[in-house]
Amino acid sequence: MTTTLLNTRFRKSVKPPLRGKLLKPGKNNKKLGGKVAVRAFQGYTIYSLTLEERASCPKTCDQWTNCYGNNMPFAHRFNHTHADFIPLLRANVEEVMENHPDGVLLRLHVLGDFYSVSYVQFWHSMLRKHPKLAIFGYTHRPMEGAIGKHIQDLRADFGARFAIRWSDPAQAAPFSTFVAPSFDTAEASENSVVCPEQRGLTESCSACGLCWSMPEKPVIFVEH
């Protein structure tokens with residue numbers, strides 16, 4: 001793996017944090033869907049957060065050069081290094097929780113990753129404050145690193161409410177994901193499942209729910 005690329009290829013797509021605009025409704029993303037229809041957190045409204053790929057990611061990421069962000073020139077990546085990022089993110093979380101008392105399921109991160117221990121601790125404080133907030137997503141952070149250990153702590157404290165799956169083959173573990181080069185090589189078994197949305201078996205994440213409801217089996221994704 002080479003780390004020549006250190007940021008997104010689409011520098012103009014990196015935006016400063018905007019009040020009330022950091023969290024995007026899942027209904028605007030065909031893959032995510034607007035409201036959870038099945039399994040855990042049914043009835044929760046989906047939102048997502050997008051950071052800058054590579055700039056917020058570990059350089060050990062197995063998908064560093066072929067990140068699917070390479071094919072997303074129009075995605076708005078919010079600058080996590082901006083001084084106002086966390087204050088505005090906190091305010092946006094408060095806003096969506098107030099607007100959706102039945103619950104919010106937040107996708108972290110459409111692009112990007114957990115970039116610091118303090119950032120993980122921020123989500124710990126949000127989950128503790130808001131019992132109707134749940135989070136799902138994936139991380140390439142090494143399990144043995146400081147950030148990875150704090151992610152593990154949140155999984156232990158909040159269970160399915162912090163459904164962050166480990167990525168990369170080297171981190172084979174319960175609640176993990178793997179990337180296959182093609183559908184021909186994405187072979188499911190009794191111990192894993194290929195993403196149903198990618199296979200066209202379900203309309204969206206909101207109609208599937210496996211990623212946050214099936215901790216015992218890895219989910220296989222086909223390379224974008």
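Here are a few things to note about the model shown:
- Pair list, Cβ under 7 Å, 6 or more apart: region 130-148 residue within 15 Å of ILE164 (Cβ to Cβ) and touching a residue at least 24 places away in the same chain (Cβ under 8 Å), other residue open to solvent by less than 10 Å² (accessible area, probe 1.4 Å) and among the charged types (D, E, K, R): TYR138/ARG165; THR139/ASP113; HIS140/ASP113; ARG141/ASP113
- Region 134-162, subset of a type in the set (Asp, Glu) and at pLDDT 95 or above, residue surrounded by the fewest Cβ atoms within 10 Å (Cβ to Cβ): ASP157
- Selection from region 18-40 of residues that are modelled with pLDDT of 95 or more and in contact with a Ser or Thr (Cβ under 8 Å, 6 or more places away or on another chain): LEU23, LYS24, PRO25, GLY26, LEU32, GLY33, GLY34, LYS35, VAL36, ALA37
- Residue match in region 98-105 (condition: under 14 Å from TRP212 (Cβ atoms) and either part of a strand (DSSP E or B) or at pLDDT below 95 (or both)): yes
- If you go through region 95-133 and pick out every residue that is of a type in the set (Phe, Trp, Tyr), open to solvent by 30 Å² or more (accessible area, probe 1.4 Å) and touching a helix residue (DSSP H, G or I) at 6+ places or on another chain (Cβ under 6 Å), you end up with 0.
- All positions within region 1-17 that are over 21 Å from TYR68 (Cβ atoms) and at pLDDT below 95: none
- Condition check for PRO131: at pLDDT 95 or above, closer than 25 Å to ALA37 by Cβ and in a loop (DSSP other than H, G, I, E, B): yes
- In region 82-99, the condition of being in contact with a Lys or Arg (Cβ under 6 Å, 6 or more places away or on another chain), small (Gly, Ala, Ser) and touching a residue at least 12 places away in the same chain (Cβ under 8 Å) is met by no residue.
- Test: residue in region 77-84 that is closer than 13 Å to VAL14 by Cα and β-branched (Val, Ile, Thr): yes
- Within region 21-37, the set of residues being small (Gly, Ala, Ser) and open to solvent by 30 Å² or more (accessible area, probe 1.4 Å) comprises ALA37 only.
The values are calculated or read from the model by the stated rules, or taken from the named source; none is laboratory data. In this text, all values refer to a predicted model and were calculated from it rather than measured experimentally. In this analysis, Cβ positions are derived from the backbone assuming ideal geometry, glycine residues included, and neighbour counts consider all displayed protein chains. Side chains included, ligands, DNA and RNA excluded: accessible areas come from the protein's heavy atoms. Shrake-Rupley method; radii C 1.70, N 1.55, O 1.52, S 1.80 Å.
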